[in-house]
């Protein structure tokens with residue numbers, strides 16, 4: 001079904017997650033995406049669970065709305081086939097290191113003369129004008145190097161990785177934004193351009209928004225780190241029968257909660273009325289919150305908090321999400337019939353357009369040899 005990128009053709013040489021996640025979004029938005037795979041296929045075909053070899057769950061969830069074509073780009077004849085495909089393409093996306101793509105004769109400078117309208121997007125580990133440009137990079141490496149893992153230690157634990165491939169997926173989002181910006185610029189100038197999306201810089205930028213904090217200023221006005229989210233007491237809170245997320249944010253929220261919890265003395269604290277004073281004592285407020293919640297059940301608190309219009313939520317599992325009434329109502333999880341894998345569940349594109357809808361018109365492709 002046509003979407004806002006109808007008429008745009010993307011040639012995707014990328015593997016693993018960051019590039020395929022980006023090209024899946026472009027496909028969801030209506031672009032034609034041709035996934036070029038090496039003879040052994042994208043490495044993400046292998047991780048299970050799977051019904052058949054090369055069709056693992058992570059691959060199915062990151063490669064819908066694409067066609068697949070196998071080309072051995074080390075072979076001159078098959079590289080020529082790729083060039084033929086680029087004759088009718090708008091975007092080339094890859095996540096190879098510069099040395100590797102250069103050896104294939106597929107760097108931007110090698111292609112721009114023949115394809116002046118091509119938007120050439122390279123997802124790389126590090127910006128190519130810096131000293132790390134040739135280093136290999138994967139999600140865990142970038143989480144550690146960009147400061148993500150260290151933030152966990154500030155909450156009272158040890159450095160650790162997020163339990164999701166956050167650097168890859170965040171980089172993929174930046175790639176989509178950058179590609180669409182370059183396509184918009186081309187619509188005015190008629191010329192394509194190279195787009196570089198470096199994982200390290202993307203994640204450093206992502207964390208700097210709130211965590212640069214006092215280091216924003218010269219001279220510094222304090223340390224790095226946003227205290228609200230680094231509080232050791234900021235976490236899902238234990239209740240009598242489980243856990244619950246509660247996030248009082250305004251003075252009205254805090255006063256209403258403490259009053260409902262029978263702590264009028266805390267509700268009367270004058271500091272709650274000042275945004276800056278409340279921010280300075282946020283760790284203590286979260287500690288008080290944690291102390292109140294074990295007195296009642298999760299269901300009790302959710303009902304009360306919703307009645308008071310205080311932000312709150314259950315602590316859901318992935319299985320819970322699949323039964324969630326809101327996600328059911330908006331048709332988020334969709335069962336589709338895959339030509340080789342049978343019935344599979346996809347999470348649809350989360351964004352909506354008032355024009356033609358984003359729809360999974362094509363399930364993730366088998367490896368076409």
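Relative to the longest principal axis of the C-alpha atoms of the chain, give the angle of the C-alpha long axis of helix 199-211, reported between 0 and 90° and rounded to the nearest 10°.
Orientation of helix 199-211: about 20 degrees from the principal axis.
Can you give the extra length, in nm with one decimal, that the chain gains between residue 112 and residue 221 once fully stretched, where that is 0.36 nm per residue apart less the Cα-Cα distance?
34.6 nm
Once the Cα atoms of helix 298-307 and of the chain are each reduced to a long axis, what angle between those two axes, in degrees from 0 to 90 to the nearest 10, is obtained?
90 degrees
Just report the Cα centroid separation between the stretch 290-360 and the stretch 1-73, whole Å.
Rounded to whole Å, the Cα centres lie 26 Å apart.
Normalised by the empirical 2.2 N^0.38 Å for globular proteins, what value does the Cα Rg of the stretch 285-369 take?
Against the compact-globule rule of thumb, the ratio is 1.65.
Going by the alpha-carbon gyration tensor, a ≥ b ≥ c the square roots of its eigenvalues, is the stretch 129-275 rounded (a/c under 1.5) or, if a/c is not under 1.5, prolate (a/b greater than b/c) versus oblate?
prolate
Between residue 275 and residue 153, how high is the FRET efficiency from 1/(1 + (r/R0)^6) when r is the Cβ-Cβ distance and R₀ = 41 Å? Nearest 0.05.
Calculated value: 0.90.
Divide the volume of the convex hull of the Cα atoms of the stretch 237-314 by its number of residues and quote the answer in cubic angstrom per residue. Show your work: numbers first, answer last.
On the way: hull volume 5.6 nm³, N = 78.
Cα convex hull per residue, to the nearest whole number: 72 Å³.
Angle check, please: helix 282-292 long axis (alpha carbons) against the longest principal axis of the chain (alpha carbons), in degrees 0 to 90, nearest 10.
It works out to around 70 degrees.
Once every DSSP H run of n ≥ 4 in the chain is given -39500 (n - 2.57) and the sum is divided by its residues, what mean residue ellipticity at 222 nm do you get, rounded to the nearest 500 deg cm²/dmol? Mind dumping the intermediate values first?
Values: 17 runs with 141 residues, N = 369.
For the chain, the value works out to -10500 deg cm²/dmol.
Counting each pair of different Cα atoms once, what's the Kirkwood radius of the chain in Å, rounded to one decimal? It would help to have the intermediate numbers written out before the result.
Working: mean 1/r = 0.0424 Å⁻¹.
Kirkwood hydrodynamic radius for the chain: 23.6 Å.
Give me the percent of DSSP beta bridges within the chain that run antiparallel, rounded to the nearest 5.
Around 35 percent of the beta bridges assigned by DSSP in the chain are antiparallel ones.
Take the chain, connect every pair of alpha-carbon atoms lying under 10 Å apart with a spring to form a Gaussian network, then pick out the residue of 34, 43, 142 with the largest mean-square fluctuation.
Evaluated over the chain, the most mobile residue of the options is 43.
If you count, for each residue, the other Cβ atoms within 10 Å and average over each peptide, how do 266-277, 153-164, 98-109 line up from highest to lowest?
Result, highest mean first: 98-109, 266-277, 153-164.
In whole Å, what are the extents of the stretch 212-369 along the principal axes defined by its C-alpha atoms, from largest to smallest?
Principal axes ranked by extent give 67, 48, 31 Å for the Cα atoms.
Values in this text are rule-based calculations from the coordinates and carry no lab data. Just so we're clear, the structure is a prediction, and the values are computed from it rather than from any experiment. As a convention, Cβ positions derive from the backbone with ideal geometry for all residues, glycine included, and neighbour counts pool all protein chains shown.
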